[in-house]
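The values are calculated or read from the model by the stated rules, or taken from the named source; none is laboratory data. Here the structure is a predicted model, which means the values were calculated and not measured. Note that each Cβ is placed from the backbone with ideal geometry, even for glycine, and that neighbours are counted across all protein chains shown. All accessible areas refer to the heavy atoms of the entire protein, side chains included, with ligands and DNA or RNA removed. Shrake-Rupley method; radii C 1.70, N 1.55, O 1.52, S 1.80 Å.
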Amino acid sequence: MRKHRMSRFGIHRAFSLLCLLSACAQSPVQKPSVAALGRVAPEPPAQAYQTQDPNRITIAVVGINDFHGHVIPKERKLPDGRVIKSGGAPVLTSMLKILRDEMKGRMLIVDAGDEWQGTIESNQVKGSIVMDYYNRIGINSATFGNHEFDFGMDNLHERARLAKFPYLAANIYEKSTGKRVGPSNGWDNVYPSKILEIAGIKIGVIGVSTQETPGTTRYEVVKPFEFRNPVKVIEEQSAVLRKEGAGAVIVSSHAGSQCEPKENLRDWRIWRDGDDTGKCGQDEEMSRVYAKVKKGAVDAAILGHTHMIVHHWISGIPSIEDEAFNQYFNILYLTFERKTGKLIPSETRIEGLIPICDLFFENAYHCDARRLPDGLSPDTRSATFHGKTVVADVDVSKWLVPILESTEKFRRQILATTELTLFHDTTRESAFGNLVADILRERAGADIALVNAKGIRSTIDAGPISTDSLYRSLPFDNNLQTIRIKGKDVKLMFQIATSGPHGFASNSGLRMKLIPINEDAPKVDLNKDGKLEQWETNRIVEITMADGSPIDDNKIYTLATFDFILNGGDDMSWFMKRVPKQAIKLITPTYCREIVTDYLREKKVINTRAHPLIDPLKPRIVLVPIKG
């Protein structure tokens, strides 16, 4: 084995760290049994899709979205106590190399935003390791996600300048000048669109960011910018790209859709237009855009932001989204006439959902412990991609060793034990949300607490809670603040916080009955602008204090929450403009994640069977369907 510098690590220590990045500590077993419990998923594709017509050529376009700093694999515990790894930069790199070799270099990688923020390793260097990694694997273009603004504008500009690929931002404009952002106003290496040329074929890519950005990042950072409706800018940029010779136009959007959870949604296969993949919500951001955009302006779409699985044709446009956190990816296969460079839409295919694994479960084609049915063998075997064995890339693994060295001791600290899973679901009552809300309320001495649904990013399995798992679940650097408002405003604040577009906020101190997110609910034009927007939906059927007593409309209550909310995040900007600044108080400059950390260390054991965070006798959120 080639020698390499190992810092102050010994051989054993370096091996241990490399094993964090791959499956080297786990013993694969032989070929899986065909029989599995329940529906048997199809075998994955044995090879990439490529046209059989010698006068045509196929290009593979890999879509990545919502990477969120996940260069290190996720670890999840199996029922027998073993740990399975999924995702991570070394394994993704290996799979991309297999595809690039198979396609003889005819491959592009397009990122749809939210790259840097979300893990200890990335946050501590404000995303620089993700930029290093993206430069290593040859990303061809990227779009700004809302969380690219979390570390401030200086950091965003620095990262964009260091990128060996263009950032695309067609719908971000300066409010003061009305000009689109770009090199002329200090946004170096940022363009509305770009032509990517490969194998003599020109493919145009347009980048757009969600119009929700001002409400889903630090408002003070993005306040100077307008995130315009992308329909017109997409049509405009598409025309520009066609004039420059683009044979196809892709939109890379940090904005997405949501499709119905059919049984085959997570199947890994090659899809074509007309396959039964299910319907996508017509009220989702990019579903609305593609219903309005001029036919023929867009040939394919890479989505993001919603953390959903999409391998569908939305308004006739092949669209992909890989959920989030570098666990899966999708591929668009676009086929062109060699002579003219024109796209042949009938030959467009989508491959996905492709799991990023170097081990599969014995009777499955993935390594996602969340998807392992009860009773199915947790034994593992070597993973393959297009007939090739997947082995974590050695060079990337070595590159990550010093990064792991700097964070491993901190990441591995055990803070407490949760007897039951700290479950988090944005569409119903959340055990994790209840925990955080209770902690904030207690720390602030408040009457009520509110925790926005997307302020928590993932579930923590039953068992030990490490600093790493807490950080992945609570990645945002929020401060604890309180607001003193009347009871009628408490009701209004929770009306907005449970309206649906960002999920249902968790609470401490209240009980609510809500109309489910997947059902229509009445809307009220709160800001009197003549439009009924999603955040103006009223899903509250009933809201009381935790003991069942009514909320007094005229009484002053103290409500604890994240500064993100009180700065107007998650559609609270209209509400907060009505609140005097003197009503807001900073409780401590310590981040809320650290407040939760201190609480866990003190309690040692939480969420027990005797005292579960979701109390079935006293639920904080009860869903009241109105259909039927």
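Summarising the amide proton neighbourhood of ASN538: residues at separation of 5 or more, or on other chains, whose placed amide H is nearer than 5 Å comprise LYS523, VAL524.
Region 310-356 and region 523-578 have Cα centres spaced 40 Å apart. Placing R0 at 22 angstrom, the Cβ-Cβ distance between ASP188 and ARG228 gives a FRET efficiency of 0.55 after rounding to 0.05. In this structure the amide hydrogen of PHE225, modeled in the peptide plane, comes within under 5 Å of the amide hydrogens of LYS175, none closer than 5 places in sequence on its chain.
Per residue, the accessible area of region 352-468 comes to 35 Å², computed with a 1.4 Å probe over protein heavy atoms only.
Think of a 1.4 Å ball rolled over the protein heavy atoms: region 58-106 then has 28 Å² of accessible area per residue. Report in % the part of the accessible area of the chain that belongs to carbon and sulfur, leaving out ligands and nucleic acids; probe 1.4 Å. Carbon with sulfur: 50 percent of the solvent-accessible area. Relative to its Kirkwood radius, the Cα radius of gyration of region 422-505 gives an Rg/Rh of 0.98. Dipole magnitude for region 72-163: computed about the Cα centre from +1 point charges on Lys and Arg Cβ and -1 point charges on Asp and Glu Cβ, it is near 440 debye.
Rounded to the nearest 20 debye, what is the charge dipole size of region 49-91 about its Cα centre when +1 sits on each Lys and Arg Cβ and -1 on each Asp and Glu Cβ?
It comes to approximately 200 debye.
Could you work out the local net charge near CYS259, counting Lys and Arg as +1, Asp and Glu as -1, over the other residues with Cβ closer than 10 Å to its Cβ? That sum, taken over residues with Cβ under 10 Å, equals -1. Along region 455-467 the Karplus relation, 6.51 cos²θ - 1.76 cosθ + 1.60 evaluated at θ = phi - 60°, assigns HN-Hα couplings of x, 10, 9, 6, 6, 10, 5, 4, x, x, 9, 8, 4 Hz to successive residues, with x for each Gly and Pro. Summary of the geometry: region 219-271 and region 197-218, compared by the centres of their Cα atoms, lie 6 Å apart.
With both labels modelled 7 Å from their Cα along Cα-to-Cβ, the ALA546 to LEU162 distance reads 4.4 nm. Given +1 at the Cβ of Lys and Arg, -1 at the Cβ of Asp and Glu and no other charges, the dipole of region 116-203 around its Cα centre is 300 debye to the nearest 20. Taking the square roots of five times each eigenvalue of the Cα gyration tensor of region 245-309, the equivalent ellipsoid has semi-axes of 21, 15, 12 Å, listed largest first. For region 263-295, the set of trypsin sites (Lys or Arg not before Pro) satisfying both a DSSP loop assignment and a count of at most 12 other C-beta atoms within 10 Å is given as LYS279, LYS294, LYS295. The local environment of GLY138, defined by Cβ-Cβ distances under 9 Å, has a net charge of +3 under the rule Lys, Arg +1 and Asp, Glu -1.
Take GLU43: with every protein chain present and a 1.4 Å probe, its accessible area is about 140 Å².
Residue pairs exceeding 32 angstrom between C-alpha atoms, taken from LYS97/LYS295; LYS202/LYS223; LYS454/LYS491; LYS581/LYS604; LYS97/LYS194; LYS77/LYS603: LYS97/LYS295; LYS202/LYS223; LYS581/LYS604.
Here the scattering of the chain is modelled by Debye summation over its C-alpha atoms, one equal scatterer each and no solvent; at q = 0.05, 0.11 Å⁻¹ the log10 of I(q)/I(0) is -0.22, -1.14.
With both labels modelled 7 Å from their Cα along Cα-to-Cβ, the GLU197 to ILE556 distance reads 6.8 nm.
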